[in-house]
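The values are calculated or read from the model by the stated rules, or taken from the named source; none is laboratory data. This structure is a prediction, so every number in the text was calculated from the model and none was measured. Virtual Cβ from ideal backbone geometry, glycine too; neighbours counted across all protein chains shown. Protein only, heavy atoms only, side chains kept; ligands, DNA and RNA dropped before computing areas. Shrake-Rupley method; radii C 1.70, N 1.55, O 1.52, S 1.80 Å.
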Amino acid sequence: KMSKPELKSDNTTTTTTQIFTNSTNQAIARAIPLNDPLDDPNFDPVSYVNALFPTESSLSGIEGFMYKMKKRAKDLDEEIVVAIRDQSTSGTKAKKDLSDAEMAIQQLFIKLKEIKEKSEQSENMVQEICQDIKSLDYGKRHLTSTITILKRLHMLVTAIDQLKHMAKEHQYRDAANILEAAKQLSLQFHDFRRVQKISDLLDQIASIENDIRIQMFEDFRKGIHLPQDHSEGSLAEACRLVDALGIHVRSELISWYSSVIFANYRTLFKPTGDRASLDKIHLRYEWMRKCLNQYDQDHSNIFPSNWFVDEQLGIDFIDVTSKQISEILDSNKDQLDVSLFMQVLRSTVDFEKELQRRFSPDEIDGVDDEKISQTKLNQATAIVEIIDHSKMFGSEEIDMTSVEGIKKTYSDALKKKQKQKQQQGYNNGHVQKIQPKIPRKWNGISESFEPYMDLYVRQEDKNMHDFFVSLMEQETWTISDVAHTKVLQSASNLFFYIKKILKRSRSYTRGQKLVALHGVFKNGLIKYSAQLDAHLPPVNVSQLIRYNLIFIFFFFC
C-alpha cells in the first residue's frame, strides 16, 4: 500500500489538498455532475492508487499510467492558460461595453432634457395662442352683445316715438302692438337702469302709459253714452290697449264702467226714495234686465268677451241690492207682511236663477240634483236592507216590489246621467277634459232674507195645521182589498205635502231656517201618529217596524 502523496510544483507531489466547504461542493455537484473520481471533493489518492494497483504485479503498468496523468495535467494547464487569457480579454471588452452603455445613457438623458425643454416651450406657445383666442372670443361676444343692445335700444327709442304719435292720434290698435313691444324691450334694460339715459327711457315709458290711461278713460267718458256707430270702433280698440297696459288698468276700467252704470240705479232706488219699499223690489230686477239688454245691444261689442263685464255688472248689482234690501228689512222688521215677504222672496229667487242661467248655466242645480239622486239611492238601499233584516223578528214576508222598483228607478236615472256626462267629454273621438268654471255666488240677495225667515217657518206651520185638519176630514180609515199597496190615502197625501214643502223651501233657503222646518214636519207626523193609534187595530212589534220604515222611505223619497 502507498501512503498519501503530496503534489509539488514541477510535477512533484505534496501531501496537502484544497477542500471547499460543503455548501460549495453541493452547489458544484448540482451544476456539474461528477462522472470522474478525480472530480470528487472527497478524493483520496491512496485509495485511488490502491484501486488501480491492488497487487505488486500490477505495478508493471505504472509507467504508462504516469505518462497519461502527466499528459492530462499538461492539457489542463493549457486549458487554464487559455481560459485565463480569454477571461482577461473578455473583461477588457466588458469594460469597454459598459463604458459605451454609460455614454449612450448620458446622450439619451441629454436628448430627453432637450425634448422636455422643447415641449415646455411648445406648451407656453399654445397657452399664449389660447389666451389670444380667448381674448378674441370675449371681444367677439361683448361686441355682439353690444350690437344687440344698441339695436334694441334703437328699437325702444323708435317705439317710444311711435307710441307718442299714435296715442296723440288715438290710433289705439297700433298703439297696443307698439306698447307690448316696448314693454318687452324695456325688460332687457332693467340691469342698465343705473345708466341715466336708460333710466330716463324707462321712466318715459311709465309716463306714457299713465298719459294713455288718462286719455283712454277720458275717451270712455265721452264715448260711452254716444250712439254705437260713433264710439264702438275706437273704444273696442282702446280695450285692446287696456290689455296691453295690464290687468290692473282693466280692473280699474271695469270698476269705473260699473260705477257709471249704477249711478242711476243708486239714485232711483236710494233708501229715502219712493222706490225703496219692499213691494217695489220687482222694479229693481226690471231695471237690471233692462241694463243687461242695453249692454248686449250697445256695449257688448266694445268690451272683449273674456273681460266678463256683464257678469261683473250682475255681481255688483247683487252686492248693492243685498245691502239695500237688508236695510229695508231691518227698518220694517216689525211690520213685515208674510204674503208680501214670500212674494218678494220668490221673485228674488227667480231673478237670481235668471242671472245664474245667463252667467253660470252649468251650475244650475246640476251638482245638487246629482247629489240628491245619489243620496236617495243610498237611502233606498239602506231601507231595503233594514226591512230584509227585520225578518229575523219572525214576521211574515211582505211584498218588496214597490221598494225595489223605486230603488231601481233612482239607480237607472243616476247611471243615465253619469253616462250623459261622459258622452259630453268626447269630441271627434278624443276625450276632452272639462275645465270647471269658478262658481259665482248668485244668491246674495235672497240671503238678505235669511234672518227674517222665521215668518216663513211660522206660515208653513200654520199651513201644515190647516192641511192636517182637511186631511183628517177626508180620511175614511179604510183600504180597498184590490189596492196594490196597503197604504192609507192620508199617509200618501201627508208625505207628498211634506215633500212639496221641502222642494219649495229649498229654493228659498238652505240655511238654518230650512233645518228649522223639521219641527213643523215633526209636529205634523206626531199628530198623524196619534190619529193612527186611535183608528188602526193593534199590531205586533215587527209590523210596526215595517210601517215606520215605509213612512221614513216615503219621507225621504
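Of the residues ALA276, ALA244, ALA236, only one is within 30 Å of GLN335 (Cα to Cα), small (Gly, Ala, Ser) and surrounded by 13 or more Cβ atoms within 10 Å (Cβ to Cβ); which?
ALA276
Is it the case, given these coordinates, that LYS93 is open to solvent by 90 Å² or more (accessible area, probe 1.4 Å), modelled with pLDDT of 85 or more and assigned to a helix (DSSP H, G or I)?
no
Contact list please: Cβ distance under 7 Å, first residue in region 487-507 and open to solvent by 10 Å² or more (accessible area, probe 1.4 Å), second residue not in a helix (DSSP H, G or I), pairs at least six apart or on different chains.
Here the result reads LEU488/GLU475; LEU488/ILE479; GLN489/GLU475, each pair linking region 487-507 to a residue that is not in a helix (DSSP H, G or I).
If I ask for residues that are in a helix (DSSP H, G or I), open to solvent by 50 Å² or more (accessible area, probe 1.4 Å) and touching a residue at least 40 places away in the same chain (Cβ under 8 Å), which ones from region 142-173 would you list?
Matches in region 142-173: VAL157, LYS164, ARG173.
Just checking, which of ASP86, ASP75, ASP137 is out of contact with any Asp or Glu (no Cβ under 9 Å at 6 or more places or on another chain) and within 30 Å of PHE192 (Cβ to Cβ)?
Result of the check over ASP86, ASP75, ASP137: ASP137.
Check whether at least one residue in region 195-209 is open to solvent by less than 30 Å² (accessible area, probe 1.4 Å) and small (Gly, Ala, Ser), and report yes or no.
yes
Quick check, is LEU179 more than 41 Å from the chain's Cα centre (by Cα) and either modelled with pLDDT of 85 or more or assigned to a loop (DSSP other than H, G, I, E, B) (or both)? Walk me through how you get there before you give the answer.
Working: more than 41 Å from the chain's Cα centre (by Cα): no; either modelled with pLDDT of 85 or more or assigned to a loop (DSSP other than H, G, I, E, B) (or both): yes.
No; evaluated as a whole, the condition is false for this residue.
Does region 338-360 contain any residue that is under 17 Å from PRO271 (Cα atoms) and open to solvent by 10 Å² or more (accessible area, probe 1.4 Å)?
Looking for residues that are under 17 Å from PRO271 (Cα atoms) and open to solvent by 10 Å² or more (accessible area, probe 1.4 Å), one finds none in region 338-360, hence no.
Taking the criterion of being touching a residue at least 24 places away in the same chain (Cβ under 8 Å), in contact with a Ser or Thr (Cβ under 9 Å, 6 or more places away or on another chain) and either part of a helix (DSSP H, G or I) or of a type in the set (A, V, I, L, M, F, W, C) (or both), would at least one residue in region 261-277 satisfy it?
Within region 261-277, one or more residues are touching a residue at least 24 places away in the same chain (Cβ under 8 Å), in contact with a Ser or Thr (Cβ under 9 Å, 6 or more places away or on another chain) and either part of a helix (DSSP H, G or I) or of a type in the set (A, V, I, L, M, F, W, C) (or both).
Can you confirm whether region 472-492 contains a residue that is modelled with pLDDT of 80 or more and part of a loop (DSSP other than H, G, I, E, B)?
no
Which one is modelled with the lowest pLDDT, of the residues in region 145-158 that are over 14 Å from ASP203 (Cα atoms) and in contact with a helix residue (DSSP H, G or I) (Cβ under 7 Å, 6 or more places away or on another chain)? Give the derivation first.
Going residue by residue through region 145-158, those that are over 14 Å from ASP203 (Cα atoms) are 145-155, 158.
Next, from what is left, pick out any that are in contact with a helix residue (DSSP H, G or I) (Cβ under 7 Å, 6 or more places away or on another chain): 152, 155.
Numbers: ARG152: 84, MET155: 88.
The qualifying residue modelled with the lowest pLDDT is ARG152.
Would a scan of region 535-552 turn up a residue that is modelled with pLDDT of 75 or more and assigned to a helix (DSSP H, G or I)? Explain how you work it out, then say what you get.
So in region 535-552, the residues modelled with pLDDT of 75 or more come out as 535.
The next check asks that each one be assigned to a helix (DSSP H, G or I); those that pass are 535.
Within region 535-552, one or more residues are modelled with pLDDT of 75 or more and assigned to a helix (DSSP H, G or I).
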